[in-house]
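Just below is one structure, and these are the notes that go with it.
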Amino acid sequence: DGSKLWEFATNGGITAAPVVSDGRVYVGSFDSVFHALDAQTGAEGWRFADARGWFWAGAVATQDTVYAPSLDGNLYALDAATGNLRWTLRTNGPIVGSPVVVFDRIAVGSDDGTVRLVRLSDGGDEFRCNIGSQIRASLTKYEAPEDTLVYLAARDHSIRALRVKSNGSPDELWVHFTNREDP
């Protein structure tokens, strides 16, 4: 009927859409705290407060892990049930857009102009694709039988497609510049 079921106040603004998974709502805020809330009651289950920057982009949840990108340049892999830190991926710039899961990896773009693909399990075995321009938008993907395409927009007015092989290796498939007559 549209009546409010619950509300939860943070100490900072929220820009990212919350992620709902396995009965929990996950969201970060401008107070540099990432929260896990009970989806039915709004009660806080846990909080992660070790980031040094705001949570601007939306997180990604798998069955047992939540991947939270931060403006401090880190992607935090948090245990979905407890909030304990599993691993951290450090980049050289803020992470403004949401990452995507590709095969057994997570792809994340950074303001440092690089898309990184690391194993979901431990954040290791990193593959990189240097775009050469700040990435300030969320990544998106299209899954094909033999590979996956990851699409992104960069600050240089480009839209790009990366082909990601099943081993996690990315290759730029094409680039389109939106500010040129002949892109």
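Ordered by residue, what ³J(HN,Hα) values in Hz, to whole numbers, does region 105-114 give under the Karplus form 6.51 cos²θ - 1.76 cosθ + 1.60, where θ = phi - 60° and Gly and Pro are x?
Per-residue couplings from phi come out as 10, 10, 9, 9, x, 9, 5, 7, x, 10 Hz.
Based on the alpha-carbon gyration tensor of region 49-143 and its eigenvalue square roots a ≥ b ≥ c, which shape applies: rounded if a/c is under 1.5, prolate if not and a/b is larger than b/c, or oblate?
oblate
Would you mind checking which residues have amide H under 5 Å from A39's amide H? H placed 1.01 Å from N; only 5 or more apart, or other chain.
Excluding prolines and chain starts, which carry no amide H, the hits are R24, V25.
For region 25-102, run through the trypsin sites (Lys or Arg not before Pro) and keep only the ones in DSSP coil with at most 14 other Cβ atoms within 10 Å of their Cβ.
Sparse-neighbourhood loop trypsin sites (Lys or Arg not before Pro): R52.
Please list, short to long, the whole-number percent of alpha-carbon pairs of region 34-103 in consecutive 5 angstrom bins beginning at zero.
Per 5 Å bin, starting at zero, the Cα-Cα P(r) for region 34-103 comes out as 4, 18, 28, 27, 16, 7, 2, 0 percent.
First compute the accessible area of the chain with a 1.4 Å probe, then give the percent of it belonging to carbon and sulfur atoms.
46
Please report the spacing between the Cα centers of region 78-113 and region 1-15 in Å, no decimals.
Cα centres, region 78-113 to region 1-15: 25 Å.
Using a 1.4 Å probe, what is the accessible area per residue for the chain, in Å²?
Details: 9150 Å² over 183 residues.
About 50 Å² of surface per residue is accessible.
What list of ³J(HN,Hα) couplings, whole Hz, do you get for region 62-73 from phi and the Karplus terms 6.51, -1.76, 1.60, once you set θ to phi - 60° and write x for glycine and proline?
Those phi angles translate into 10, 4, 10, 9, 10, 9, 10, x, 10, 5, 7, x Hz.
Determine the gain in length on full extension of the stretch D31-D122; use 0.36 nm per residue of separation and subtract their C-alpha separation, reporting nm with one decimal.
30.1 nm
Does region 91-173 come out rounded, prolate or oblate by the C-alpha gyration tensor, with a ≥ b ≥ c the root eigenvalues, rounded set by a/c under 1.5 and, if not, prolate when a/b is larger than b/c and oblate if not? Display every interim value, and only then the final one.
Details: a/c = 1.84, a/b = 1.27, b/c = 1.45.
Since a/c reaches 1.5 but b/c is at least a/b, the shape of region 91-173 is classed as oblate.
Non-local amide H neighbours of R86 (under 5 Å, H modeled in plane, Pro and chain starts lacking H): which ones?
Long-range HN contacts for R86: A77, L78, D79.
Tell me the Kirkwood hydrodynamic radius of the chain in angstroms, computed as one over the mean inverse distance between distinct C-alpha pairs.
Hydrodynamic radius (Kirkwood, Cα only) of the chain equals 16.9 Å.
List, in order, the whole-Hz ³J(HN,Hα) value for each residue of region 120-133 obtained from phi through the Karplus relation with A = 6.51, B = -1.76, C = 1.60 and θ = phi - 60°; use x for Gly and Pro.
With the stated coefficients, region 120-133 comes to 4, 5, 9, x, x, 6, 6, 10, 10, 9, 7, 7, x, 8 Hz.
Hey, can you grab everything whose amide H is under 5 Å from the amide H of V33? Only 5+ residues off in sequence or another chain; H modelled, so Pro and N-termini drop out.
Residues meeting the criterion, in which the H sits 1.01 Å from N, are F55.
At a 10 angstrom cut-off on C-beta neighbours, averaged per residue, how do the peptides 107-118, 148-159, 91-102 rank from highest to lowest?
Answer by packing, highest mean first, reads 107-118, 91-102, 148-159.
The values are calculated or read from the model by the stated rules, or taken from the named source; none is laboratory data. What you see is a predicted model; the values in this text were computed from it and never measured. Cβ: placed from backbone, ideal geometry, glycine included. Neighbour counts: every protein chain shown. Note: accessible area is taken over every heavy atom of the protein model, side chains too, but ligands, DNA and RNA are not part of it. Shrake-Rupley method; radii C 1.70, N 1.55, O 1.52, S 1.80 Å.
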